[in-house]
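Notes to accompany the following structure.
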Amino acid sequence: MLYFLDSADTQAIAAAFDLWPLAGVTTNPSLIAREKRPLRDLLLEIRRLIGPGTMFHVQLLGSEAGIMVEEAQRLRDLLGDGFHPKVPVTPQGLKAIRLLAGLGFEPTATAIVSPSQALLAARAGAAFTAPYVNRLDMINGDGVGVVGEIARLFALHGLPTKILAASFKSVQQVHGVATAGAHTVTLAPDLLGPLLSHPLTESGIAGFLADWAGCYGPGHTVLDALATP
Ligand code: G3P
């Protein structure tokens, strides 16, 4: 399973890509608008920060398929390899996905909240489908259940489309979609830490350090210990 960062905050992106095994960045119009920066500068900075070989998913805003195709072409000219147009699952969006796939793009169908939407997007030619987990859970839905159902349907019908699960507020939701068959998750920066940390891990490491310091000295590393005859 691949991990993406769901953010347009360049500081958070730089910090996260320094540490975490991330395959790319997803953004949405709300995340970009929050930065209050000229779009071209912001997108180019993100593209530079995340480095070559990573994916960058940027949402299209046109309400008509032809405009969306033009937006995607302009963004591909700007961002180059690894750019993936995100397209909302509307009727015009399905048409745009079909046209974009025909032009060699690998579009991501977004704002998905039902298996039917995901199936239609896959049939239109989406490379990724982005179901919104927490937004479903917040209205008493079953976000993980929807992801699992999409995974079963894609397997049943032999569809190559990947599931890029989005909209998370808890570690449990992320774990749930991983076991349900999501190929990729996109996470807000503040969810990365909780995904890794555990009090037993922390106390275990603290114990190792205390034992080591008792023998080789506080703060000493393997390098220090090897340097001492
Ligand atoms: O980027 C789309 C999705 O991740 C939105 O998440 O947290 O706004 O529900 P959220």
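Structural remarks
- Residues of the range 17-47 classified as crowded, with 18+ Cβ neighbours inside 10 Å, within 15 Å of the ligand (Cβ to nearest atom) and among the basic types (Lys, Arg), total: 0
- Which listed residue, of Ile67, Ile13, is surrounded by 14 or more Cβ atoms within 10 Å (Cβ to Cβ) and either within 16 Å of the ligand (Cβ to nearest atom) or closer than 19 Å to Thr184 by Cβ (or both): Ile13
- Note on the range 66-147: enclosed strands (runs of 3 or more DSSP E) holding 1 or more residues that are free of Cβ contacts under 8 Å to residues at least 60 places away in the same chain and among the aromatic types (Phe, Trp, Tyr) are 83-88.
- Whichever residue in the range 173-225 is within 15 Å of the ligand (Cβ to nearest atom) and part of a loop (DSSP other than H, G, I, E, B) and, among such residues, is nearest to Ala151 (Cα to Cα): Ala182
Just so you know, all these numbers are worked out from the coordinates, no wet-lab data involved. From a predicted model like this one, the values you see are computed outputs, not experimental measurements. With ideal geometry, Cβ positions are generated from the backbone for all residues, glycine too; neighbour counts draw on all protein chains shown.
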